[in-house]
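Below is one structure, written out as C-alpha cells; the observations come after it.
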Amino acid sequence: MNALSFLPLFMVGLAGSVHCIGMCGGIVGALSLGGGAGAAAPARA
C-alpha cells in the first residue's frame, strides 16, 4: 500500500470525528457535568 491509499481512510476518519463531536459532544458534556442521579444525595457518615 502506498501513501495515497491512506488518504481516503484519513478523510473518512476525520469526517466521522467531526460528526461525533457535533452530535454526541453536547450529550456527553451534559451527562459529565450533571453528575448523575446520586450526585445530589448528601454523604452519610
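Coordinate-derived values only; no laboratory data. The structure presented is a predicted model; accordingly, all values stated were derived computationally and were not measured. Backbone-built Cβ (ideal geometry, glycine too); neighbour counts: all protein chains shown.
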J(HN,Hα) series, the stretch 16-22, from Karplus relation 6.51 cos²θ - 1.76 cosθ + 1.60, nearest Hz, glycine and proline x: x, 5, 5, 5, 5, 5, x
ALA30 versus PHE6: modelled label distance in nm, points set 7 Å from Cα along the beta carbon direction: 3.9
